[in-house]
Structure formats: C-alpha cells, structure tokens
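Pasting a structure here, questions to come.
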Amino acid sequence: MMKLPRTALRQIERRLAQSHIAPLLRPSSCLQSSCRQQTTPRSSPPTSRSYTTISASELQFGQPVHETHPHLLAPGELTPGITAQEYADRRSKLASLLAPDSVIILPAAELKYRSGAVFFPFRQESNFLYLTGFSEPDSLAVIRTTTASPSSPSDNHTFHLLVRPKDAHLEQWSGPWSGTQAAIDVWNADTSGSIHDLDSLLPTLIRDAKYIYTDAALTQNSSPTPLSNLLRSSAPQASIRPLRPQINPLRALKSPAEIALMHHAGRATGRAYTAAMRRPWATEKALAAFLDHEFVSQGGDGQAYVPVVAGGSRGSMIHYVQNLAALRSGETVLVDAGAEYGGYISDVTRVWPVSGKFSPPQRDLYEAVLKVQRTGVALCRESAGMTLDQIHRVTERLLREQLDLLGFDTGGDAMGVLFPHHVGHYVGLDVHDVPGYGRDVKLRAGHCVTVEPGVYVPDDERWPEHFRGLAVRVEDSVCVDDESPLVLTTEAVKEVVDIEALRE
C-alpha cells in the first residue's frame, strides 16, 4: 500500500476552509495509506464520489514512484535521491523570500516533436521540477504565499497542481498519466484540478495577488500569450515579475542529496570515459555510441547533453557535435560528454591520443593545460573567497605563463584566440545551471561548477609549428566545500601516465 510522505496531509483541512478554492479544486480525499482512482468527468466538480481502495503498486503513474519502482526510488522519494520533504522545503524557502499574497506560476515543459507524430523524450522544465518533483507535461503549478505562524514557519504557502486527469482511452495510446488525485496523494499538492479547466481555476487561485512571479512566456510575436491575458484579467492589480532572480540563489546552492546525485552522475561518467580510453576507435560516431551505452551501463540515466567527440583540429570547434569523422592515428580526440542521473548532470572533457601515446608536442600542451586546471580546481573552496570570474582571470594568467614557456607569443589578442571561453559555469539540473546567476558571486559551500581551461591552436604561422591544429581542454565538475573542493568526476582518468597505461 502507498505510504504517504510526511508532507502529504499537511494543512489540507485549513485549505478547505478557504471558500474561494474549495468549490473549484478537488481537496484531498485520500487520507489513508492507499491511493484511489478518480473516475469522475474532468470538468465538473463532483458532490459525491465512489472510490476503490487498491494497492498503489497496482496503479499506473506518469513517472516512477517507490511503490511501482522500488529499484529506483526509496520510500519517501519523489525522484531518485530527493524526498517529498525536500521538495516541500524548497517551496517553503522560496515562499519565505516573497511578500504575502505573492503567487508563483510554473508551467510545465511542453512535449517537443521531431517530425510529425515523432516526439523527443520529455524533460521537465527545471524550475518546475525543482519545486514539485512532478515530471509530466500539460501541467501548471501555483504556489501562493501565506502568513506563517511563529509555531510553524514552514507553513507559509499553499501548493496547487493542475494536471491531466486520468483518461483510460488516451493513456492506452500515450502511456500512463498520474491524474489529479495522485497530485495530492503523491506529490503533496494542497489542491489539484484538471489542466483543461485552467481558464476557470487559475483566476480563483491568484485572486487579489499583489505580485505574480513567473518565467512563462508572456508574449509571442509581439502579442500577449493566452496565459498572459489570463493572468492580467484575473489579477489586474498584480505586478508581474520574473521568477528567476528569486529561485536562482536557491538552486545554485546544492543540498547534500543533490550533491550525492551529481556524484553518482560523475562516477558513471568517469567510468565510461576510462572504459573508452582503453580501446582504439576508428570513428567519432562509434566512440560517441559507446559512451552513450556506458553512461547507462555504469548507473546513469543517459546522456546529459549532446556530446562533442572531435578528432584532431575539430576539437577547436567548441561545440562540434557532428561526430561523424574518422579518427586518425597520430591525432588526439577531444570528448566533452556527461551522464545524467535523477535529473542532475555531470560535465566532463577529456583529451587523449587516438593511438594511445601522446606525441611530445601533444604531451607538452596537454600537461600545460592540466597543470592550470589543477590550480583552478584547488580554488573551488569557500575559504578562498573567490568568484568564477576571479578564477577565470587566474587561469588565463597561468595559461599565458605556460604558453610562454612553450614558445608561444601571447601578446596582443593571443589569449582571446587561444582561450576564447570562460573557465567555468554552474552545473546542476542544467548543464549551464541557473542561467542569469552571476559568475561574480563568491563561491560558497554547495555551489557546483565546472573548471575547464582549454587551448585551441589555429593552423597558421602565428603559432609554433609543432602545436598547430592541437586542441586541449580538461574539464571536471566540482562542488565547493568549506576548505577543499569535491571533484565529482575523479574516475575519468586525466594524468598522462594513467591515460597511456590504459592501452599498454
């Protein structure tokens, strides 16, 4: 039978007393450790209803839950490694940053189509996932701040989910949906409703709101979107503000559970890389396919992003993703790829010789970049008091010194040509996590970043001949701690002696 997480029953009776919500949204009626199947039409709030109490393991949901997938989720978890309590705490922390009568509007991601009826795998919008743990499209989350009592400071908001109601006919074609009752019983919404009734339900939820925080698209082709019109007509007095500046500082600092997930993804990534380095490869495509397979075999969920597998001078194209060329002995191959696990990603770049042995110029340039990368990683600790921008400046200075020793002329715009990108970015639910969160923020324990210096030598006479066409980048995912960095991707071999030993 389903054991409800600790937050499942919180304050439901109090919310039912709010007369402007109760008549329109279905309150929780599943108060025992079982889940009951909704059988009523989607658009008419029922006055009475019959339920059948059955084991949750016999039900079908739109994503894994512990009762149906105990091999993936522990009791109390909504997604791998993240409990229902942690999701509730995230909502409470966000609400605590906002004034009373503020409303957060979170539309789910849309299903994207490749062509015709062929769709891409669905991935939830990251802020929606971060606050709800719900991984279905055609959904909308509404979080409204309330005044918390001194005895219960976390009881500072209400949480509402509008989702697809159960539909046996459509689910036969598309697979199972969770439905409105599961939104309450499993995902701990205070109230739920059908997404098809958005136009009638949302005005009630945002009535008299003073502020609306959302990153939803409010215009399209210079015209207001339907959601924008609905928000403005339902709460004309409300000030509509972006959500990102409020949620980014919360997402940027990772919890121990999040770090554990990223460590798991990094471990799967590292083992896949090391396995790949043990073997010769004839084509970029074959190497990319091997990594894709190994990410799953080593415990990940799959690829975190489209990988770069670039032989020879193609490594100088930062986001080369064709991955179709032949790999030639005497060249190096640059691989930028990572596994995902539980929605969290790893981001790693390694370079190794196609033949298994570095040539002297390849070794010299690689070790120069690796030396600088080690220094950058060591600075990822709160006690250093540095920002990503400051680490970038240190990295650029050290790279210049190393390149001068190798005979490069680093005057003028040389470093902009040889090292054209930033040394790092935040990582988490997204590869480039918390977009808009500044690299000028001092790193604190819980920040997770990449450190990825690189040198890309054009094939022209400005540069020493034996380095022309070489491309080297070394990247790890790193979590900041108080006194030392936690490198999440250490199992991806990167020392020259270790790389070469794999093929001996």
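A short reminder: the numbers here are calculations on the coordinates, not readings from a lab. None of these values were measured; they are calculated from a predicted model. Cβ atoms come from the backbone with ideal geometry, glycine included; neighbour counts cover every protein chain shown.
Rank these for me by crowding, 476, 215, 482, going from fewest to most other beta carbons within 10 Å.
On the way: 476 29, 215 19, 482 9.
The order, fewest Cβ neighbours first, is 482, 215, 476.
Hand me the trypsin sites (Lys or Arg not before Pro) from the stretch 417-504 located in a DSSP loop with no more than 16 other Cβ atoms within 10 Å, in residue order please. Could you put the intermediate results ahead of the total?
Numbers: sites: 439, 442, 444, 462, 468, 473, 494, 503; in loops: 439, 444, 462, 468, 494, 503.
Filter output for the stretch 417-504: 444, 462, 468, 503.
Report the semi-axes of the equivalent ellipsoid for the stretch 253-501 in whole Å, largest first, where each axis is √(5λ) for an eigenvalue λ of the Cα gyration tensor.
Values: eigenvalues 141, 111, 41 Å².
Working through the eigenvalues yields semi-axes of 27, 24, 14 Å.
Another question about this same structure. Can you give the relative contact order of the stretch 253-501 as a percent, counting alpha carbon pairs under 8 Å and 6+ residues apart?
Working: 545 pairs, mean separation 62.5, N = 249.
That works out to 25 percent.
About the Cα centre, and with charges only on the beta carbon of Lys, Arg (+1) and Asp, Glu (-1), how big is the dipole of the stretch 140-268? Nearest 20 debye, please. Don't skip to the end; give the middle numbers.
Values: 11 positive and 10 negative charges, 100 e Å.
Dipole size: approximately 480 debye.
A follow-up question, please. Just from its helices, what would the mean residue ellipticity at 222 nm be for the chain, if runs of 4 or more DSSP H residues each count -39500 (n - 2.57) and the sum is divided by every residue, rounded to the nearest 500 deg cm²/dmol? Don't skip to the answer; put the middle values down first.
Values: 14 runs with 150 residues, N = 504.
Only helices count here, giving -9000 deg cm²/dmol.
Let me spell out the model: positive unit charges on the Cβ of Lys and Arg, negative unit charges on the Cβ of Asp and Glu, origin at the Cα centre of the chain. What dipole size does that give, in debye rounded to 20?
Working: 49 positive and 56 negative charges, 252 e Å.
About 1220 debye.
Relative contact order (percent) for the stretch 278-337, with alpha-carbon contacts under 8 angstrom and 6 or more residues of separation?
39 percent
How long is the gain from residue 85 to residue 296 if the chain were fully straight, where each residue apart is worth 0.36 nm and the alpha carbon distance is subtracted? All intermediate terms of the calculation are to be shown ahead of the outcome.
Details: separation 211, 0.36 × 211 = 75.96 nm, distance 2.81 nm.
My answer for the length gained is 73.2 nm.
For a quick check: sort 102, 126 by the number of other beta carbons within 10 angstrom, fewest at the front. Mind dumping the intermediate values first?
On the way: 102 23, 126 18.
Least to most surrounded, the residues fall as 126, 102.
If you don't mind, another one. Arrange 112, 371, 254 by Cβ neighbour counts within 10 Å, fewest through most, would you?
On the way: 112 11, 371 15, 254 23.
Fewest-to-most ranking of 112, 371, 254: 112, 371, 254.
Please report how far the C-alpha centroid of the stretch 423-489 lies from that of the stretch 336-413, rounded to the nearest whole angstrom.
Spelled out, the Cα-based centre of one part sits 7 Å from the other.
Over the chain, what is the relative contact order in whole percent, taking alpha-carbon pairs under 8 Å and six or more residues apart? Please report the intermediate quantities before stating the final value.
Numbers: 1041 pairs, mean separation 63.6, N = 504.
Relative contact order for the chain comes out at 13 percent.
Provide the FRET efficiency to the nearest 0.05 for the residue 325-residue 363 pair, computing r from the beta carbons and using R0 = 22 Å. Write out the running numbers ahead of the final one.
Numbers: r = 23 Å, r/R0 = 1.06.
So, using R0 = 22 Å, E works out to roughly 0.40.
Across the chain, how many lysine pairs, 8 or more positions apart or on different chains, have C-alpha atoms separated by under 16 Å? Please give the number.
Values: 93/254; 254/442; 357/494; 371/494.
Here the count comes out as 4.
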